[in-house]
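What follows is calculated from the coordinates using simple rules that are stated; it is not laboratory data. Bear in mind that the values here come from a model prediction, so they are computed numbers and not experimental data. Ideal geometry is used to build each Cβ from the backbone, glycine not excepted, and the neighbour counts take in all protein chains shown.
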Amino acid sequence: MKKLFFALLLSAASTLAFAQQKEFQLSSHILDVSKGTPATGVSIKLEKYNEQTKTWIFTDQKNTDINGRITDFLTTEKSNIGIYKLTYYTGEYFKKTNTDSFYPFIEVVFQIKDRNHYHVPIKLSAYGYSTYRGN
């Protein structure tokens with residue numbers, strides 16, 4: 001009976017913890033295609049465009065994790081509709097490995113139009129990059 005009680009208690013606690021986790025609407029990922037590995041430790045700044053003042057407003061800044069990812073930009077607790085810019089500070093990433101590169105940073109401007117998840121991946125090398133809307 002004690003085992004059943006503790007199993008139910010553990011199940012309820014994990015369900016409650018899962019339910020309290022925040023959901024995020026925006027994520028990004030950087031893959032260094034010249035090495036075939038994730039780009040770890042790249043600083044990425046997020047800004048939102050203010051259409052009335054025609055200026056960018058700082059929203060957040062984070063570093064990519066060991067998998068080259070940032071999964072937690074923009075909580076879904078409120079509407080995030082608008083125009084955003086992600087600035088990837090790639091020059092510092094290449095400088096750490098003594099790799100000459102062409103782009104000191106990359107800016108990607110995009111629009112969030114609904115409450116769906118938006119993923120902005122970057123395929124990166126020292127002299128080029130590409131991006132697309134992922135999932």
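Key figures
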{"read-out": "Modelled FRET efficiency - R0 30 Å, T76 with N98, Cβ distances, 0.05 increments", "value": "0.15"}
{"read-out": "Pair E107, V33: separation of 7 Å Cα→Cβ label points (nm)", "value": "2.3"}
{"read-out": "Mean projected area (nm²) of the alpha-carbon convex hull when segment 64-135 is viewed from all directions", "value": "5.3"}
{"read-out": "Segment 22-131 - percent relative contact order, Cα under 8 Å, separation 6 or more", "value": "34"}
{"read-out": "Low-density loop positions, GluC sites (Glu not before Pro), segment 26-135 - DSSP coil, at most 13 other Cβ in 10 Å", "value": "E51, E77"}
{"read-out": "Computed lengthening from D60 to A126, 0.36 nm per intervening residue step minus Cα-Cα distance", "value": "21.2 nm"}
{"read-out": "Violating pairs (Cα-Cα greater than 23 angstrom) within the set K45/K96; K54/K96; K78/K113; K48/K96", "value": "K54/K96; K48/K96"}
